[in-house]
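Inspection log for the structure reproduced underneath, given as C-alpha cells.
The values are calculated or read from the model by the stated rules, or taken from the named source; none is laboratory data. Keep in mind it's a predicted model, so treat the numbers as computed, not measured. Cβ coordinates were reconstructed from backbone atoms using ideal geometry, including for glycine residues, and neighbour counts include every protein chain displayed.
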Amino acid sequence: MGVPSQEVEGEMPAKKGRLDQGNHAPAPEPASENAVQPVISNMSDYTITELLGQSDDGKVVFTRGVISGLEGPAVVLFETNSINLERVKLFLSELSVVKLTMNNDIFNIFQLDPPTGTNSIKTTVIHPATQKLINKFTTKPSYFVTETPQIYQTITKPYILNHLGDHKWVYNILEGRAEQDRILCKNEDENEGFVLAADLKWDMTTVENMYCLAIVKRRDIYSIRDLNQSHLPMLRNLQETCLATIKEKFGIPRSLVRVYFHYQPAYYHLHIHFAHMRYQAGAPVIGKSVAVNDVLQNIALSSEYYKNATLVYYIKDGHALSVELDKHKLVVRE
C-alpha cells in the first residue's frame, strides 16, 4: 500500500513493455484523457544525491535524489534479488524503460527494464518526498522510549494531530480512488467498516510472502491508544472477516497468519497487519509489534487499558516524534 513499510508508513496498471532491439526505447503509448501521468518517464532524469540505506536482506536500496524538471527531493527504492548502489547507477540510463504500474498520491511504482537485458526490477518513486519519508528510509540508530499516559497526552498526541495531513494516500484507498485492484474485501459500514488490501511489498502470488493491511474507515482512531471496549465488535469482525478472506483466496489457514498492530505506527490511521508466518519482513519486532489478540484481551479486561498503560517502543533517531521527545530529554542514548 501507499507507504512501502510507511511505517509507510504507506502506501501505489499499465501494460508491461521491454526495450526493443534498437538503441531507443519504444515510443510511449498515447495516454487517455484521464490517465495518470508518470512522475518520471526516463531514468536518466533521476540523479542520486545520497544513499539513504539498504534493507536488512540486501534486496532493496534506498536512495535520495532529484528528478529533472521537478521541484523538491525524491526518494527512489530499487528492489531485486541482489542489488547495490553501483548496480543501481547502471539503471539511470535513457535506455532503461520505465512503465507505471501504480500511482497513489506521492507514491509511484514502476517496472524498470534496464538496458543490459537483465531482469526487470521493481522501482518505487516517492515525489515530492517529505522529510518524514526521507528519515524513514535513512539508516540511523533506534532507541527505546518509555511512554507514560502523561507523555502520550502532552507530547505524542499533539504530534499525531499535527501530522494527520499525511494521509491522502490512505483516503484514496478507502474512497476507491487508488489501489482498487489490490482490495481483497471491504465492509462499507461508516462506523465498523474497513478494507483489506494486499500491501505493495507483496506480489499477490508468492503465498509465503503474504502481507496485507486492513484499514478501518473511521478517521478518529489513530492507534491502539484510542481503543476501548466499544471497539471490540469492530475489531473482532475485522479479524474474522480478513482471516476468512485470506483462507478463501490464498488457502492460508489462520494458524499461519500473524495479526498485529504497530506502535508507534508508520501512520496514524488505525490499521492491522496480516502476514504469513514465513514472511520475515512481517515478523513481530519487540518494541514495535503488538498482537491483535493481546489487544482484544486487554481492552476486554479494562476498557481504558491503553489509555492508562505505559508503553515501551523504539524510535529512529531523527524521526519527527523523536525530535519532540528529545526536547524533554525522553530518548535515552546510553
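From the list Thr130, Thr123, Thr156, the one residue that fits, being among the hydroxyl-bearing types (Ser, Thr, Tyr), out of contact with any Lys or Arg (no Cβ under 7 Å at 6 or more places or on another chain) and in the same structural domain as Tyr268 (by TED's automatic domain parsing), is Thr156.
The number of residues in region 130-154 that are more than 23 Å from the chain's Cα centre (by Cα) and either closer than 28 Å to Val60 by Cα or surrounded by 17 or more Cβ atoms within 10 Å (Cβ to Cβ) (or both) comes to 3. When Ser41, Ser68, Ser55 are screened for being more than 15 Å from Thr138 (Cβ to Cβ), modelled with pLDDT of 50 or more and out of contact with any Asp or Glu (no Cβ under 7 Å at 6 or more places or on another chain), only Ser41 passes.
Being exposed (fewer than 13 other Cβ atoms within 10 Å of the Cβ), at pLDDT 90 or above and not in a strand (DSSP E or B) is a condition met by no residue of region 78-90. Going by the conditions given, is Pro115 part of a helix (DSSP H, G or I), over 23 Å from Ser55 (Cβ atoms) and more than 16 Å from the chain's Cα centre (by Cα)? No; evaluated as a whole, the condition is false for this residue. Total residues in region 60-75 satisfying the condition of being closer than 17 Å to Ser44 by Cβ and not in a loop (DSSP other than H, G, I, E, B): the figure is 5.
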